[in-house]
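To start, the structure itself, in C-alpha cells.
Just so it is clear, none of the values below were taken in a lab; they were calculated from the coordinates. No experiment lies behind these values; they were computed from the predicted model shown. So basically every Cβ, Gly included, is an ideal-geometry build from the backbone, and we count neighbours across all protein chains shown.
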Amino acid sequence: MKIKAAVVREKGKLNIEELELGAPGMGEVLVKTLAAGICHTDISTMNLEVPTFLPLVLGHEGVGIVEEVGPGVTSLQPGDHVIMSFPSCGCCGPCLEGKPYACDRSTELFFFGTYADQGRRIKDKTGQAVGALFGQGSLADHCIIAERNAVKVDPEVDMKALCSLACGAQTGAGAVLNKLKPGPGDTIAIFGCGAVGISAVMAAKLAGCSTIIGVDVVPSRMELALQCGATHVINGRECPDIPGEIRKLTGGQGVRFALEASGVPALVPQMLSALGKEGHAVVVSIIAGPVNLDVSMLFVGPCISFSGVVEGNSNPRIFIPQLVEFYKKGLLPIDRLCEYYPFRELDKALEAAHSGKVIKPVLLF
Ligand SMILES: NC(=O)c1ccc[n+]([C@@H]2O[C@H](COP(=O)([O-])OP(=O)(O)OC[C@H]3O[C@@H](n4cnc5c(N)ncnc54)[C@H](O)[C@@H]3O)[C@@H](O)[C@H]2O)c1
Ligand SMILES: [Zn+2]
Ligand SMILES: [Zn+2]
C-alpha cells in the first residue's frame, strides 16, 4: 500500500515522501497511525549521532489502530487501539527473563531500520528498501510493527496524548519506578526537564519523594517541572555550583537519587557529586560527548552507584498499561507536555522541539 512517511536520506534532513509499505509478516501487525510523538532520539538519529542505515523512516512513539494482522498473531485483532513501543527479539536470554530493554539485539533492532528477520518492509519509488526506526517508523500514516512491541489500550482513552508512553515517558517514569525505586520521603535530582525528565519528576512525586529538584536552562520547562511535582528547580545557566545548591536544598546531605536526562556531558560528574552517601544515579540520555570522571573520589568515598537505563528498565506490555492507569487517574499528566501538529507541519514541529518551545511535539495523521 502507498503511505506518506518522514524519511531521512542524509544527515539532518527529514522529508515527507510517498513510499510503498508491504504486508505484515509472521507475528506482525499493520497499524493505521493516529498520532506519533517526536523523541529526542529521533533527532539524534536524524543527525546520525547513533549508528544507523539510510534511508530510514523515523518515529518510535506511535499510537494507532490495528488494521491487519499477519500470520501467527494471537493477541491483537483489527480495530484494537495500540501504543507502539520499543522492539526486542523475544528469544535471547534477557528477553526470556522478561527484560526486553536489555535485549541482545537492541542496537540493531532500535537503530538499523530492520525487523527481527533482518528484513525491511518499506520501498521507495525506485524500489530501494527503506528502514523503519525501532522496527516501527511511525512518522507515517501506516506502519508495521511486531505484535510483541504493540501494547493494546482501552479504546476509551484519548490516544493522541499517550504517544510519549511508548518511549520518552516510559523512560523517565520507568527509570524512577523500575530502577531507582525511591520510597516516601526520599530525595531526588533530575537533570534535564524535557519529556523524559518531567516524566521522571511525575514518577518521583508518585513514589512519594519529599524533595524533587529539577535542573534545566529553559524557564518555561522549569515552571512546568514545578507544576508537575518538582519541589525546587535550578537554572543550570545561572547557578555556578549545582551540586552545592543541591546540598543546600537537602540539608547538606546531597540527594539519595539522581537522573541525567539532558545529554550534556558536564552534568554527569556534577550529578554524581550531588549524591549523598549510598546515593544512586542513572544516565538515560544519549550523552553528547566524552565525560571526565574522577572515579576514586566519586565512587569509593560516598559508596555511590551509577547505572545506565534503557527504556526505563521496562517491559512495555506490563509497564505501559500501568502508566495508562496512572494517566487516567490524573497521576501522570503527560498530556501537559504535548503540542499537536498536522503531519504536513512536520518542519514546524521539529523547530518547536529544537527551540525548546515545545516539550513533546505530536504529529496527527
Ligand atoms: N535511555 C533511553 O531509553 C532513552 C529513551 C528516550 C530518550 N532518551 C534520551 O534521553 C534524553 C532526553 O530526551 P528528551 O526527549 O527528554 O529530550 P529533551 O530535549 O526534551 O530534553 C532535554 C532537556 O535538557 C535540557 N538541557 C539542555 N542543556 C542543559 C543544561 N546545560 N543544563 C540543564 N538542562 C539542560 C533542555 O532544556 C531540555 O529540557 C535524550 O538524550 C534522548 O535521546 C533515552
Ligand atoms: Zn532479545
Ligand atoms: Zn525515544
Compare the Cα positions of Leu275, Thr171, Gln118 along the charge dipole of the chain (+1 at Cβ of Lys, Arg; -1 at Cβ of Asp, Glu; about the Cα centre) and return the one farthest towards the positive end. Leu275
The farthest towards the positive end of the charge dipole of the chain, of the residues Leu249, Leu48, Tyr341, given +1 on Cβ of Lys and Arg and -1 on Cβ of Asp and Glu, is Leu249
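Mind checking the full-extension length gain between Asp347 and Lys152? Use 0.36 nm per residue of separation minus the Cα-Cα distance, one decimal, nm.
This chain segment gains 67.2 nm when fully extended.
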Estimated 222 nm signal from helices in the chain, with DSSP H stretches of n ≥ 4 weighted -39500 (n - 2.57), rounded to 500: -6000 deg cm²/dmol
Normalising by the residue count of the chain, find the relative contact order in percent from Cα pairs under 8 Å and 6+ residues apart. 17 percent
Distance between Cα centroids, region 10-78 to region 302-321: provide it in whole Å. 24 Å
Taking amide hydrogens as modeled 1.01 Å from N in the peptide plane, which residues meet the under 5 Å criterion relative to His142, leaving out close sequence neighbours? Lys4, Thr33
What is the magnitude of the charge dipole of the chain about its Cα centre, with +1 placed on the Cβ of each Lys and Arg, -1 on the Cβ of each Asp and Glu, and no other charges, expressed in debye to the nearest 20? 300 debye
Formal net charge of residues neighbouring Leu346 (Cβ-Cβ distance under 13 Å; K, R +1; D, E -1): -2
Neighbour counts of other C-beta atoms within 10 Å: give me Phe365, Phe191, Phe319 arranged from fewest to most. Phe365, Phe319, Phe191
Label-to-label distance, nm, for residues given as Asp241 and Ile286 (7 Å Cα→Cβ offset): 3.6 nm
Please give the contour-minus-distance gain from His354 to Ile318: 0.36 nm per residue of separation, less the Cα-Cα distance, rounded to one decimal in nm. 9.7 nm
Estimated FRET transfer efficiency when R0 is 22 angstrom, pair Leu54-Lys2 (beta carbons, to 0.05): 0.55
Using label points projected 7 Å from each Cα along Cα→Cβ, tell me how many nm separate Thr126 and Leu293, to one decimal. 4.4 nm
Using Cβ counts within 10 Å as a stand-in for footprinting exposure, how do Tyr101, Tyr327 rank, fewest first? Tyr327, Tyr101
Can you tell me the length gained on complete extension of the stretch Glu278 to Met26, counting 0.36 nm per residue apart and subtracting the Cα distance? 86.0 nm
Table column - 3J(HN,Hα) (Hz), region 179-196, Karplus curve with 6.51, -1.76, 1.60, x for Gly and Pro: 10, 6, 6, x, x, x, x, 6, 10, 8, 10, 10, 8, x, 10, x, 4, 5
Each label point is 7 Å from the Cα along the Cα-to-Cβ direction; what then is the distance between the points at Glu339 and Gln253, in nm? 3.8 nm
In terms of the Cα gyration tensor, with a ≥ b ≥ c the square roots of its eigenvalues, is region 212-303 rounded because a/c is under 1.5, prolate because a/b exceeds b/c, or oblate? oblate
